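These notes concern the structure reproduced below.
The values are calculated or read from the model by the stated rules, or taken from the named source; none is laboratory data. Computed from a prediction, not measured in an experiment: that's the story for all the values here. Here the Cβ positions follow ideal geometry from the backbone for every residue, glycine too, while neighbour counts run over all protein chains shown. Surface accessibility is based on the protein's heavy atoms, side chains included, excluding ligands, DNA and RNA. Shrake-Rupley method; radii C 1.70, N 1.55, O 1.52, S 1.80 Å.
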Amino acid sequence: MSGVPCLPTTPGVSTNWEASQMAIILLGLLFHFIGSFSSASFYLPYRSVRLWSWENFWLLGGLFSWLIAPWLAIFLTIPGFAFILETAERATLGWTYFFGVLWGIGGLTFGLAMRYIGLSLGMSIIMGLTSALGALMPPLFNDLFGREDGLRLSQMLLSRGGQMVLLGVLGSLIGIVLCGMAGMRKEREVDLATKQSAVQEFNMKKGIAVALVSGCLSACFSYGINAGKPLALAAVSQGANSLFMNNLTFAVIMLGGLTTNALWCLRLSLRRRSLGEFVNRNTPLLRNYLLCALGGLLWYLQFFFYGMGESRLHNPTSSWVLHMSFIILISNIWGVCLGEWRGTAPQTRRTLLLGIVVIIAAIGLVGFGSADH
């Protein structure tokens with residue numbers, strides 16, 4: 001025996017098996033869509049926080065998204081998680097946490113990009129870089145260092161499904177570039193007052209700079225998932241449902257992200273003497289606390305559902321690209337609803353629409369490639 005599992009050969013059985021596989025893929029796509037909707041929407045509650053400095057609402061939201069929610073999730077979904085952490089290799093924990101620290105810098109600059117250039121353009125640039133680097137670097141890493149326990153780029157290049165996934169990655173990047181071109185046209189066409197009516201602190205040069213930094217470093221979340229794979233496998237061996245196998249890995253990554261963001265925000269709060277806002281009764285305290293909790297929860301839910309989607313697609317590259325592409329689609333829809341494209345020329349809006357259509361087509365390619373890979 002070769003050890004390769006036998007696939008059904010009876011026509012009726014084969015049809016049922018294929019239908020079952022497609023149902024699993026569609027479920028994975030649904031999970032990714034829910035997670036991406038949470039990601040693309042998380043900043044909306046922060047826009048309604050009143051009389052608090054940016055560093056304070058970002059810090060409070062971060063406590064919910066990077067500390068409270070992930071550890072509550074593993075308490076509910078990962079039996080024996082303390083034993084897994086105690087017995088895990090220090091290198092696994094160290095690299096997973098380290099990539100979380102770098103991802104935290106990406107998250108920090110992500111928030112700044114939203115302040116300066118808004119949801120549509122900011123998300124397109126950041127998610128474009130994150131999509132490409134996060135999807136392709138882990139399989140390339142596995143090839144370069146001979147890792148056998150993860151997807152390898154050489155395997156993807158030699159299979160039809162893998163080639164479809166890579167083509168979907170390329171299509172997604174083309175769509176992202178088109179969305180970015182629409183954003184650059186918008187910069188030339190719309191006067192400052194109109195831009196600031198949708199994005200109060202609009203600053204194109206500063207926003208593009210921090211978006212580029214954020215895009216490169218946000219991809220480190222994907223590297224952290226790759227580094228923390230032994231934690232996910234240990235969770236399954238301890239009896240965790242495979243749907244939630246990545247939750248422990250996420251928690252370690254997010255501790256790194258919390259470290260970076262907490263230090264930076266506390267530094268700003270101390271320098272600006274704004275910590276008193278947390279207890280200032282002249283501000284809408286209860287409203288602000290609830291909005292920050294909602295924003296933080298939405299931010300975390302993207303990863304909770306991302307992990308569920310990845311567990312069903314069994315292809316980290318597909319999952320990463322789908323997640324980022326859905327985020328771009330939804331954030332651009334939010335950008336239109338919030339008036340970020342008000343006053344632009346028809347050609348600019350058509351360019352944006354074309355980019356969205358290309359991304360949708362790329363999502364389809366990645367989905368079909370996942371089913372065939």
Inset, instruction - From Pro316, Pro284, grab the single residue that is farther than 20 Å from Leu133 by Cα and open to solvent by less than 70 Å² (accessible area, probe 1.4 Å). - result: Pro284
Legend entry - Residues being of a type in the set (Val, Ile, Thr) and open to solvent by 40 Å² or more (accessible area, probe 1.4 Å) - total across the range 209-227: 1
Inset, instruction - Could you give me the residue pairs with C-beta distances under 6 Å whose first residue belongs to the range 280-300 and is more than 19 Å from Glu55 (Cβ to Cβ), whose second residue is open to solvent by less than 80 Å² (accessible area, probe 1.4 Å) and not in a helix (DSSP H, G or I) wherever it lies, and which are 6+ apart or on separate chains? - result: Leu298/Phe42
Inset, instruction - Go through the residues of the range 276-284 one by one and say whether even a single one is of a type in the set (A, V, I, L, M) and modelled with pLDDT of 95 or more. - result: yes
Legend entry - Total residues in the range 166-186, condition open to solvent by 60 Å² or more (accessible area, probe 1.4 Å) and charged (D, E, K, R): 1
Inset, instruction - Considering each of Ile74, Ile84, Ile126, Ile68 in turn, give the residue that is of a type in the set (A, V, I, L, M), in contact (Cβ under 8 Å) with a residue 24 or more places away in the chain, over 13 Å from Ala219 (Cα atoms) and in contact with a Phe, Trp or Tyr (Cβ under 8 Å, 6 or more places away or on another chain). - result: Ile74
Inset, instruction - Check every one of the helices (runs of 4 or more DSSP H) wholly within the range 42-104 and list those with 3 or more residues that are open to solvent by 40 Å² or more (accessible area, probe 1.4 Å). - result: 69-77, 81-87
Inset, instruction - Starting from the range 171-191, keep only residues that are modelled with pLDDT of 85 or more, then list their pairs with residues that are surrounded by fewer than 18 Cβ atoms within 10 Å (Cβ to Cβ) whose Cβ atoms are within a distance under 7 Å, requiring at least 6 positions of separation or different chains. - result: Leu178/Leu354
Inset, instruction - Could you list all residues from the range 234-250 that are touching a residue at least 60 places away in the same chain (Cβ under 8 Å), on the phi < 0 side of the Ramachandran plot and out of contact with any Phe, Trp or Tyr (no Cβ under 6 Å at 6 or more places or on another chain)? - result: Ala234, Ala235, Gln238, Ala240, Asn241, Ser242, Leu243, Phe244, Met245, Asn246, Asn247, Thr249
